[in-house]
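Notes follow the structure.
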Amino acid sequence: MRGISSLALLPLALAAPTFHRRDELVPGKYIVVLSQDFIGAQAALVPEVERSQVYDAGSFKGFSAELSDSQVQELENSPQANGIAHTTIADPDEAVNQALFVTQSGAPSWGLGRVSHRQLGNEDYTYYRSAGEGTCAYIVDTGVYAEHVEFEGRATFLANFATNAPDATTDDNGHGTHVAGTIGSAAYGVAKKTQLYGIKVLDRGGYGYWSDVIAGIDFAVEDSKNRTNCPKGYVANMSLGGYRNQALNDAVAAAVDAGIFFAVAAGNDGFNADGFSPASEPKAFTVGATDSIDNQTAWSNYGQLVDAFAPGDTINSTYIGGADSWRTLSGTSMATPHVAGLGAYLLSVYGKASPSALGFRIKGLSTKGAVKNTVPNSGTPNYLVFNGATF
């Protein structure tokens, strides 16, 4: 019996902070910003660290210090630390700093403009030029059409675990290619320089078995252990789902524990996400969908297990059928790759981080209270993802 499917609706149509140059980083020197919940706990936070400066300016609390890699990892995993970043040499040359950002005028999918601006209505996509470079993104889906021109040679059809499509060597459905395009294609992508790896677990019809999905997750974990072209880290996207399955949730949790940030679709049933997998796995980053005027879509799942919202209605992206094909699709399937791409993007900007620290950063950057028509009394966090590139 088929247990899962991709989470796209029927197609509607065819067809930050200022960052300094990475070479100006001061090796081993970091700035740690403390959570407001723990501002009195500096002494207990890596107590052996000798602080260079201590900051106490109103709501801004923190310190600078020289930290080892193990201390950085400890802080990244601590709820007491709201953020950690390299110290850089300040550069007063405004023109140089502006050059670190790129603006894609009239981006072909409205979601790009939305995730790079606090306010509605901007069609341009602004992003830091690292754009996911040094990261790898696994797409556990219907596969990826690697020959699409928008992937610029950065996409690979890595493996096939779909029981009902054992001989497939490319995406024969289109869903996975659409997802991959939002993550990292040149025109439609959030992280335009990330490496894209398609793992096929769903068949031509967009359906599959939990056992195949778990095999795909396991493959991603093993592949990440031996891959050398992802020094900034790994993300994975699963725009699929079905009724709650603990084995699937456990597999996702294990992958997160292994260091892969997993963005997963909340689901398109209009119900609480706690009844569905992998959306109900707390270690995953579960994504709900908004439309172009910031409404929670009527079909998006919701609830306390949703981590944030992202654009998911009428999203344009790459598709199968030709080297330059594209299509408009809707669903939490389309919202989720905005977050996977954002994860890769932030890893390239800030450096490698644990999945929990990366999720914490995404929620910290998000625009709070922007989503309208959320389900009352559902406990759904009102976070709309944002890349921090504009003010």
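The values are calculated or read from the model by the stated rules, or taken from the named source; none is laboratory data. Because the structure is a prediction, the values reported are computed rather than measured. Cβ atoms come from the backbone with ideal geometry, glycine included; neighbour counts cover every protein chain shown.
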Fill in the blank from the handout: Here the residues within the stretch 240-258 that are buried (at least 24 other Cβ atoms within 10 Å of the Cβ) and touching a Phe, Trp or Tyr at 6+ places or on another chain (Cβ under 8 Å) are G241, L248, V252, A255
Practice task
Consider only pairs whose beta carbons are under 7 Å apart and that are at least six residues apart or on different chains; among these, list those whose first residue lies in the stretch 135-149 and is within 8 Å of I199 (Cα to Cα) and of a type outside the set (D, E) and whose second residue is modelled with pLDDT under 95 and part of a strand (DSSP E or B).
Solution key: T142/S6
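One line per residue, one yes/no per condition, for (1) surrounded by fewer than 18 Cβ atoms within 10 Å (Cβ to Cβ); (2) under 22 Å from S356 (Cα atoms); (3) in contact with an Asp or Glu (Cβ under 7 Å, 6 or more places away or on another chain):
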residue: I260; (1), (2), (3): no, yes, no
residue: F271; (1), (2), (3): yes, no, no
residue: P278; (1), (2), (3): no, yes, no
residue: T286; (1), (2), (3): no, yes, yes
residue: T297; (1), (2), (3): no, no, yes
Exercise for the section: Tell me which residues, restricted to the stretch 301-325, are within 14 Å of A340 (Cβ to Cβ) and either charged (D, E, K, R) or not assigned by TED's automatic domain parsing to the domain that holds A186 (or both). Expected result: D307
Exercise for the section: Report whether or not F360 is assigned by TED's automatic domain parsing to the domain that holds N122, within 16 Å of G259 (Cα to Cα) and within 12 Å of the chain's Cα centre (by Cα). Expected result: yes
Exercise for the section: Please enumerate the residues belonging to the stretch 134-178 that are surrounded by 23 or more Cβ atoms within 10 Å (Cβ to Cβ) and under 28 Å from G351 (Cβ atoms). Expected result: T135, C136, A137, Y138, I139, V140, D141, V144, E150, F151, A155
Problem - Any hit, the stretch 226-239, residues being closer than 26 Å to Y350 by Cβ, touching a Phe, Trp or Tyr at 6+ places or on another chain (Cβ under 7 Å) and part of a loop (DSSP other than H, G, I, E, B) - result: no
Problem - Selection count, the stretch 179-219, where residues are assigned to a strand (DSSP E or B) and within 20 Å of the chain's Cα centre (by Cα) - result: 6
Handout entry: Single match in D223, D212 (criterion: surrounded by fewer than 19 Cβ atoms within 10 Å (Cβ to Cβ) and out of contact with any Lys or Arg (no Cβ under 8 Å at 6 or more places or on another chain))
Key = D223
Handout entry: Only listed residue being at pLDDT 95 or above and closer than 30 Å to K29 by Cα, chosen from G132, G111
Key = G132
